[in-house]
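**Q** Sharing a structure with you now.
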Amino acid sequence: MSTSTQAWVAKAPKQPMVLEAVDLGPLGAEDVEVAVEHCGVCHSDVSVLNNEWGISQYPAVLGHEVTGRITTVGPNAKRLQVGQRVGVGWYSGSDMHCHQCMSGSHHLCPQAQSTIIGHRGGFATHVRAHWAWAIPLPEKLNVADAGPLLCGGITVFAPLAMYAKPTDRVGVIGIGGLGHMAVKFAAAYGCDVTAFTSSESKFDEAKGFGANHVVSSKDPAAIRKLGGSFDLLISTVNAKLDWDAMIGALAPNGRLHNVGVLPEPIPVSAFSLIAQQRSISGSPTGSPVAIATMLDFAARHNVAPQTEHFPMSNINEAFARLESGKARYRIVLDADF
Ligand SMILES: [Zn+2]
Ligand SMILES: [Zn+2]
């Protein structure tokens, strides 16, 4: 069943990946196999490569922002045909029968299968996924740049879809791989968008992505001036901020939503939440339907990540570039086996 698959394999933490033949074994009855055309590099790939979360499994094949074409369809797979273009993101499967899956929240399934932990990811000739998690790509979407939408894109789109109205004032904290897509989505949705960045060199670019206002996240006085004004703040950062000022910037009923993995707890006084009925929340990726909805929205509004492309054979240079913090703003590897 398995075609000869080659993959960039991480054998141990913090080691360069090496090209090897891998055996994906028999294809599951409900699974599909996808020939990888492009695969984005996400910060989570770096975290798993370096075993930052202590849950990596080696040898690992990373890559979870895949776009490609279906090459094989398992006998019990639904909906998909050989040759069809699909995307595979952070999850490549879930049990399909638990309360969460049956409620349409497959991404909250306790058995959800991460694409790059205990499963081989997309820095390879082929990747596999349960049919439900291989999301058909809209025709209009640029397949070369769509990869980052499958993980980073849905991660920032989901809170907008869940919590924002087009009339809302939305702030995006951190203008990087996630944040620049959040600004584009929120602007396309019609929100009044404020970008918070610590880097003055990104002020103009943030406006180019559709931000109506740009504020330095290192300037507590400027943030305090915005007190009580945001319906939704989406934080994409993994660094400490002036959380008092940020929570104070929320309007009554406002929400601070986290999609960045913060190393330290957010200190918050209950009173600052209670008096203005504010919330703090977080979310991971999204369900297959949420991903499909996001792709449709992105195609309709021409929302695409700003990318740098590397041939997949330069994967180790690409990871170094991402870790350097210099990538503007997402890196995509083009399969060149
Ligand atoms: Zn990711
Ligand atoms: Zn489930």
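The values are calculated or read from the model by the stated rules, or taken from the named source; none is laboratory data. Note that the coordinates shown come from a computational prediction; the quantities given were computed from them, not determined experimentally. Counting neighbours? That spans all protein chains shown, and the Cβs are built from the backbone with ideal geometry, glycine included. Heads up: the accessible areas ignore ligands, DNA and RNA and are worked out on the full protein's heavy atoms, side chains in. Shrake-Rupley method; radii C 1.70, N 1.55, O 1.52, S 1.80 Å.
**Q** Going by what's in this entry, would VAL82 be described as in contact (Cβ under 8 Å) with a residue 40 or more places away in the chain, more than 16 Å from ligand 1 (Cβ to nearest atom) and either closer than 23 Å to ASP23 by Cα or not hydroxyl-bearing (Ser, Thr, Tyr) (or both)?
**A** Numbers: in contact (Cβ under 8 Å) with a residue 40 or more places away in the chain: no; more than 16 Å from ligand 1 (Cβ to nearest atom): yes; either closer than 23 Å to ASP23 by Cα or not hydroxyl-bearing (Ser, Thr, Tyr) (or both): yes.
For VAL82, the condition - in contact (Cβ under 8 Å) with a residue 40 or more places away in the chain, more than 16 Å from ligand 1 (Cβ to nearest atom) and either closer than 23 Å to ASP23 by Cα or not hydroxyl-bearing (Ser, Thr, Tyr) (or both) - is not met.
**Q** Can you confirm whether the range 69-79 contains a residue that is closer than 21 Å to ALA158 by Cβ, in contact (Cβ under 8 Å) with a residue 40 or more places away in the chain and in contact with a helix residue (DSSP H, G or I) (Cβ under 8 Å, 6 or more places away or on another chain)? Give the steps one after another, and end with the answer.
**A** Going residue by residue through the range 69-79, those that are closer than 21 Å to ALA158 by Cβ are none.
No.
**Q** Residue by residue through the range 108-121, note down the ones that are open to solvent by 30 Å² or more (accessible area, probe 1.4 Å) and either within 15 Å of ligand 2 (Cβ to nearest atom) or without any contact (Cβ under 8 Å) to a residue 60 or more places away in the chain (or both).
**A** Taking the range 108-121 and keeping what is open to solvent by 30 Å² or more (accessible area, probe 1.4 Å), we get 108, 110-111, 113, 118-120.
Matches in the range 108-121: LEU108, PRO110, GLN111, GLN113, HIS119.
**Q** Looking at (1) open to solvent by 30 Å² or more (accessible area, probe 1.4 Å); (2) assigned to a helix (DSSP H, G or I); (3) of a type in the set (Val, Ile, Thr), which is the one condition that is false for ILE291?
**A** Here ILE291 clears every test but (1).
**Q** Condition first: surrounded by fewer than 15 Cβ atoms within 10 Å (Cβ to Cβ) and out of contact with any strand residue (DSSP E or B) (no Cβ under 8 Å at 6 or more places or on another chain). Now tell me which residues in the range 273-288 satisfy that.
**A** Selection gives ILE274, ALA275, PRO284.
**Q** Okay, next question. Do we find that GLY210 is open to solvent by less than 60 Å² (accessible area, probe 1.4 Å) and at positive phi in this structure? Reasoning before the result, please.
**A** Details: open to solvent by less than 60 Å² (accessible area, probe 1.4 Å): yes; at positive phi: yes.
In short, yes.
**Q** Any residue at all in the range 61-68 that's more than 16 Å from ligand 1 (Cβ to nearest atom) and open to solvent by less than 30 Å² (accessible area, probe 1.4 Å)? Step through it out loud before you land on a result.
**A** Residues of the range 61-68 that are more than 16 Å from ligand 1 (Cβ to nearest atom), as a first pass: 68.
Filter once more, keeping what is open to solvent by less than 30 Å² (accessible area, probe 1.4 Å): 68.
Within the range 61-68, one or more residues are more than 16 Å from ligand 1 (Cβ to nearest atom) and open to solvent by less than 30 Å² (accessible area, probe 1.4 Å).
**Q** Right, here's the next one. Read through the list (1) within 16 Å of ligand 1 (Cβ to nearest atom); (2) open to solvent by less than 10 Å² (accessible area, probe 1.4 Å), then give the number of the only condition that ALA124 fails.
**A** Failed condition: (1).
**Q** For the range 219-231, how many residues meet the condition of being modelled with pLDDT under 90 and either open to solvent by 60 Å² or more (accessible area, probe 1.4 Å) or acidic (Asp, Glu) (or both)?
**A** Step one: of the range 219-231, the residues modelled with pLDDT under 90 are 220.
Then keep just the ones that are either open to solvent by 60 Å² or more (accessible area, probe 1.4 Å) or acidic (Asp, Glu) (or both); that gives none.
Total satisfying the criteria: 0.
**Q** Check off (1) within 16 Å of ligand 1 (Cβ to nearest atom); (2) of a type in the set (A, V, I, L, M, F, W, C); (3) over 23 Å from PHE185 (Cα atoms) for ALA158 and give me the number that stays unchecked.
**A** Result: ALA158 passes all but (3).
**Q** Can you find a residue in the range 86-93 that is over 23 Å from PHE337 (Cβ atoms), within 16 Å of ligand 2 (Cβ to nearest atom) and part of a loop (DSSP other than H, G, I, E, B)?
**A** So far as the range 86-93 goes, yes, one or more of its residues are over 23 Å from PHE337 (Cβ atoms), within 16 Å of ligand 2 (Cβ to nearest atom) and part of a loop (DSSP other than H, G, I, E, B).
**Q** In this structure, is ASP45 within 16 Å of ligand 2 (Cβ to nearest atom), more than 17 Å from ILE291 (Cα to Cα) and either outside any strand (DSSP E or B) or open to solvent by less than 50 Å² (accessible area, probe 1.4 Å) (or both)? Give the derivation first.
**A** Working: within 16 Å of ligand 2 (Cβ to nearest atom): no; more than 17 Å from ILE291 (Cα to Cα): yes; either outside any strand (DSSP E or B) or open to solvent by less than 50 Å² (accessible area, probe 1.4 Å) (or both): yes.
Spelling it out, it is not the case that ASP45 is within 16 Å of ligand 2 (Cβ to nearest atom), more than 17 Å from ILE291 (Cα to Cα) and either outside any strand (DSSP E or B) or open to solvent by less than 50 Å² (accessible area, probe 1.4 Å) (or both).
**Q** Of all residues in the range 110-163, count the ones that are part of a helix (DSSP H, G or I) and closer than 22 Å to GLN6 by Cβ. Outline the logic, then answer.
**A** Step one: of the range 110-163, the residues part of a helix (DSSP H, G or I) are 131-133, 147-150, 152-163.
This time we only want the ones that are closer than 22 Å to GLN6 by Cβ, so: 147, 150.
Here the count works out to 2.
**Q** Right, next: In the range 261-293, what residues are hydroxyl-bearing (Ser, Thr, Tyr) and under 22 Å from SER44 (Cα atoms)? Working first, answer last.
**A** The first filter runs over the range 261-293 and keeps only residues hydroxyl-bearing (Ser, Thr, Tyr), leaving 269, 272, 279, 281, 283, 285, 287, 293.
Within the range 261-293, SER281, SER283, THR285, SER287 meet the criteria.
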